[in-house]
Amino acid sequence: MALSARDRKRRQLEREAEEKKRLPDSTYPYLGTSFHEYLSDDPQWNDVEFLIALTGMEPPVFEDDRGPKEFADEECFADEESLDEAFKGSEGSIGRAECMVGFLLDASIELARIINTYKKQELQKRLDEINARDLSDPEERRRTLDEAVHIARLQEELDKNVRRTIPQWSLKGV
């Protein structure tokens, strides 16, 4: 079956985005100090370490200029070639930090989606239980309807997205 013009354009944009990911960051030629050296003097790095520690995870350590490939779990990749491809265009400690931001954002979005799905399913179970109740008692009917309205409002809120402003951290193809 032939693809529609819309599908062809979508695939073209996806290919271009993938190609762009493989490019080195446009700022790399202008960076004089390595990122790991910069972090040693940046007091805000303590905030990052603190926030990551709050999750129960160990904050990353940037003690040299090794890139993301050296820290990646090799079990995530089929072979050395796919490992190289995953981090192509990301160099040194700054490339590692850039990759971390992207991966942490992706993981956060996926975790938020899982939490959202869980809450929606649990709320729907409560609504199903409410619908199965005997509502012959007027006082019980009023409480039940109030609870159902509140659950419906919660479900509406869960259908919304959250926006957060994030500074640009990676400039490829500029």
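The values are calculated or read from the model by the stated rules, or taken from the named source; none is laboratory data. Just so you know, these numbers come straight off a predicted model, no measurement behind them. Note that we place each Cβ from the backbone using ideal geometry, even for glycine, and neighbour counts take in every protein chain shown.
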Out of (1) under 30 Å from ARG96 (Cα atoms); (2) modelled with pLDDT of 90 or more, the one LEU127 does not meet is (1)
Within the stretch 52-69, which residues are surrounded by 11 or more Cβ atoms within 10 Å (Cβ to Cβ) and either out of contact with any Cys (no Cβ under 8 Å at 6 or more places or on another chain) or not in a helix (DSSP H, G or I) (or both)? ILE52, ALA53, PRO59, PRO60, PHE62, ASP64, ASP65, ARG66, GLY67, LYS69
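Quick grid of which residues meet (1) free of Cβ contacts under 8 Å to residues at least 24 places away in the same chain; (2) under 20 Å from THR27 (Cα atoms); (3) of a type in the set (Phe, Trp, Tyr):
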position	(1), (2), (3)
ALA53	yes, no, no
GLU63	no, no, no
GLY67	no, yes, no
GLU81	yes, no, no
LYS88	no, yes, no
LEU105	no, no, no
ILE114	yes, no, no
Only one of ALA78, ALA107, ALA17, ALA72 is in a loop (DSSP other than H, G, I, E, B), surrounded by fewer than 12 Cβ atoms within 10 Å (Cβ to Cβ) and either among the aliphatic types (A, V, I, L, M) or in contact with a helix residue (DSSP H, G or I) (Cβ under 9 Å, 6 or more places away or on another chain) (or both); which? ALA78
Test: PHE87 is at pLDDT below 90, farther than 30 Å from SER40 by Cα and surrounded by 10 or more Cβ atoms within 10 Å (Cβ to Cβ): no
Does VAL48 satisfy the criteria of being assigned to a loop (DSSP other than H, G, I, E, B), within 21 Å of TRP169 (Cβ to Cβ) and out of contact with any Phe, Trp or Tyr (no Cβ under 8 Å at 6 or more places or on another chain)? no
Of the residues in the stretch 20-51 that are touching a strand residue (DSSP E or B) at 6+ places or on another chain (Cβ under 9 Å) and within 16 Å of ARG96 (Cβ to Cβ), the one that is surrounded by the fewest Cβ atoms within 10 Å (Cβ to Cβ) is LEU31
Going by the structure shown, is LEU135 farther than 30 Å from THR27 by Cα, out of contact with any Asp or Glu (no Cβ under 8 Å at 6 or more places or on another chain) and outside any helix (DSSP H, G or I)? yes
Pairs, first surrounded by 10 or more Cβ atoms within 10 Å (Cβ to Cβ) in the stretch 134-146, second at pLDDT 85 or above and hydroxyl-bearing (Ser, Thr, Tyr), C-beta under 9 Å, six or more apart: LEU135/THR144
